[in-house]
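Working notes, beginning with the structure itself.
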Amino acid sequence: MATFLIVLGIMCSVGLPTYAILYIVPQVKPNDWKAGAPFLLMLPGFLIFGYGAYLNNNKTITVSTACGIVKYYKNYSTGGRHSQKTFERITVHLDHSQYFRHFRFDESLARQNKDEHVCFEFYNRQKNTHLSESKILKWID
């Protein structure tokens, strides 16, 4: 969304004044206020560009901690049906929650046993809405 607004802002900053120079300015007298239309029509493009740049700021990622009981691991494939790339998710029943949460985790992390109580640090997708999924970073002893 932010990238779209930045591109749209640049296009408006160039396109609207060009339109004004080609069609509006030749039809008005030089002393008329409408002769300044190209400069006035740059303003919406700059505003759209500024708003897109504001939305594009890098957001900080907060690290959360939680504890729960490991339920199971499951492998998923990426891409089409002929893809050989897979990744693994862990399902954890968090303490003080009635729901299971599915986390992606790095293959370098040690696997935990089923029905074992574990604590971990993770990127929480619910607190970091720009992330695509929650991911476990490390196990806490």
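The values are calculated or read from the model by the stated rules, or taken from the named source; none is laboratory data. Bear in mind that the values here come from a model prediction, so they are computed numbers and not experimental data. All Cβ positions, even for glycine, are placed from backbone atoms using ideal geometry, and neighbour counts span all protein chains on display.
Could you grab me the full set of residues in the stretch 93-116 that are surrounded by 13 or more Cβ atoms within 10 Å (Cβ to Cβ) and touching a Gly at 6+ places or on another chain (Cβ under 8 Å)?
Correct list: HIS93, LEU94, ARG101.
Within the stretch 33-49, can one find any residue that is at pLDDT below 80, in a loop (DSSP other than H, G, I, E, B) and either of a type outside the set (Ser, Thr, Tyr) or within 30 Å of GLN112 (Cβ to Cβ) (or both)?
Here is the first cut: in the stretch 33-49, the residues at pLDDT below 80 are 33-35.
Next, only the ones that are in a loop (DSSP other than H, G, I, E, B) stay: none.
Taking every residue of the stretch 33-49 in turn, none turns out to be at pLDDT below 80, in a loop (DSSP other than H, G, I, E, B) and either of a type outside the set (Ser, Thr, Tyr) or within 30 Å of GLN112 (Cβ to Cβ) (or both).
For the stretch 100-115, which positions are modelled with pLDDT of 90 or more and part of a strand (DSSP E or B)?
Those that are modelled with pLDDT of 90 or more and part of a strand (DSSP E or B): PHE100, ARG101, HIS102, PHE103, ARG104.
Just to be sure, is ALA53 more than 28 Å from the chain's Cα centre (by Cα) and either at pLDDT below 90 or outside the structural domain of VAL7 (by TED's automatic domain parsing) (or both)?
no
Can you go through SER77, SER83, SER97, SER134 and tell me which one is under 20 Å from the mean Cα position of the chain (by Cα) and either among the hydroxyl-bearing types (Ser, Thr, Tyr) or at positive phi (or both)?
Values: SER77 fails: under 20 Å from the mean Cα position of the chain (by Cα); SER83 fails: under 20 Å from the mean Cα position of the chain (by Cα); SER97 fails: under 20 Å from the mean Cα position of the chain (by Cα).
One residue alone meets the criteria, SER134.
Scan (1) among the basic types (Lys, Arg); (2) under 16 Å from the mean Cα position of the chain (by Cα); (3) at pLDDT 90 or above for the single condition LYS59 breaks and write down its number.
Condition (3) is where LYS59 drops out.
Take the conditions without any contact (Cβ under 8 Å) to a residue 24 or more places away in the chain, within 14 Å of GLY68 (Cα to Cα) and assigned by TED's automatic domain parsing to the domain that holds GLY68 and apply them to GLN112. Does it pass?
When the stated conditions are applied, GLN112 does not pass them.
So which residues in the stretch 76-98 are modelled with pLDDT of 85 or more, of a type in the set (S, T, N, Q) and under 24 Å from ALA110 (Cα atoms)?
Residue satisfying the conditions is THR91 alone.
I'd like the residue in the stretch 58-92 that is farther than 19 Å from TYR123 by Cα and polar (S, T, N, Q) and, out of all such residues, is surrounded by the most Cβ atoms within 10 Å (Cβ to Cβ).
Restricting to residues being farther than 19 Å from TYR123 by Cα and polar (S, T, N, Q), the top hit is SER77.
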